[in-house]
Amino acid sequence: MIDDLVVYARERGVDVKYGNLGRRRGEYRHGPRLIVLNPHMSGVLQRSTLAHELGHAHRGDEWTDDPRELAARERLADEYAARLLVSPVEYALAERLHGQHTGAIARELDVAVYVVEAWQRLLRRGATPALPRAARQHLRAV
């Protein structure tokens, strides 16, 4: 549920607002520690985007024009979202039900496809995908 993520953000000193972003889903503004979400998205995309933007906030990312740096930051924010939204047990069950079908796994887990792709990248690298339980414990929807 997105409300749990909003509480999670505020507990970390990050405010969340909705605003017209055109075609963009969301953005993190480091100076005011503000995440702006596009209200014209599905609930799944809002939740996944908020978790992604929380990754930028966690790292203290500021805007860059360097395309390689930007791509690296986006990848890391996706991986943070995956760690925040997906539990190892739920992922394993979804994969057992749907094989490697990324879209079906995403639907099963109620997250965007890019979140599942980030989770799978973490698994391939041998990284511990989930955030520590203490960081996730009050996110009821996870």
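The values are calculated or read from the model by the stated rules, or taken from the named source; none is laboratory data. All values derive from a computational prediction rather than experimental measurement. All Cβ positions, even for glycine, are placed from backbone atoms using ideal geometry, and neighbour counts span all protein chains on display.
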Search result, residues across the range 7-35 that are part of a helix (DSSP H, G or I) and surrounded by 17 or more Cβ atoms within 10 Å (Cβ to Cβ): 8, 9
Number of the exception - residue 30 against (1) in contact (Cβ under 8 Å) with a residue 24 or more places away in the chain; (2) closer than 25 Å to residue 86 by Cβ: (2)
Among the candidates 111, 115, residue that is assigned to a loop (DSSP other than H, G, I, E, B), out of contact with any Gly (no Cβ under 9 Å at 6 or more places or on another chain) and crowded, with 21+ Cβ neighbours inside 10 Å: 111
Output for the range 32-81, where each listed residue is farther than 20 Å from residue 109 by Cβ and among the aromatic types (Phe, Trp, Tyr): 63
Count of the range 36-57 residues which are of a type in the set (Lys, Arg) and either out of contact with any Asp or Glu (no Cβ under 9 Å at 6 or more places or on another chain) or surrounded by fewer than 24 Cβ atoms within 10 Å (Cβ to Cβ) (or both): 0
Test result for residue 80, out of contact with any Leu (no Cβ under 7 Å at 6 or more places or on another chain) and either crowded, with 19+ Cβ neighbours inside 10 Å or at pLDDT 95 or above (or both): no
